[in-house]
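The values are calculated or read from the model by the stated rules, or taken from the named source; none is laboratory data. Owing to the predicted nature of the structure, the values given are computational and were not obtained by experimental measurement. In this analysis, Cβ positions are derived from the backbone assuming ideal geometry, glycine residues included, and neighbour counts consider all displayed protein chains. Note: areas computed on protein heavy atoms with side chains; ligands, DNA, RNA excluded. Shrake-Rupley method; radii C 1.70, N 1.55, O 1.52, S 1.80 Å.
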Amino acid sequence: MSDLTAADLVRAARRHGFELMPAGRDVDATGADFIVAHAVDLDDVAWIVKAPRRADVMVRADAERRVLRLLRERLTVAVPDWRLCAPPGSPTPRARGNPAAG
């Protein structure tokens, strides 16, 4: 999967109905679990599009998505909003502010 491009990830997200455009040609392949591309939607809202490095990552990612959904309703800080958990090309609107971890 390391040969994926930002355009590949955005195309995968489009197949699920997300109208995104790459916000650069490169992907960030420094993460242990995901390859990440930056994108924007038609309203110029920033998105993160993720592709798992391994199949086992998606089981944990789906659990994370469910926990974050519960936390988002209870916390006053920005919490990622995983809209879809389907490889490759799982899109998330970019959280406001600076991430606590990368």
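General observations
- Protein accessible area in the chain, 1.4 Å probe - carbon and sulfur %: 53 percent
- For segment 1-82: rounded, prolate or oblate by the Cα gyration tensor [a/c cutoff 1.5]: oblate
- Cβ charges +1 (Lys, Arg) and -1 (Asp, Glu), total dipole of the chain, debye: 300 debye
- Glu19, Glu73, Glu64, ranked by accessible area, largest first (probe 1.4 Å): Glu73, Glu19, Glu64
- Taking trypsin sites (Lys or Arg not before Pro) as exposed when DSSP calls them loop and at most 12 other C-beta atoms lie within 10 angstrom, the chain has its longest site-free stretch at 26-53.
- Helices in the chain, meaning DSSP H runs of at least 4 residues, each add -39500 (n - 2.57). Divided by all residues, the mean residue ellipticity at 222 nm is -8000 deg cm²/dmol.
- Percent RCO, i.e. relative contact order, over the chain, from Cα pairs under 8 Å lying at least 6 residues apart: 24 percent
- Heavy-atom surface of the chain, accessible at 1.4 Å and reported per residue (Å²): 64 Å²
- Projecting the Cα atoms of Ala46, His16, Ala63 onto the charge dipole of the chain, computed from C-beta unit charges around the Cα centre, puts Ala63 farthest toward the positive end.
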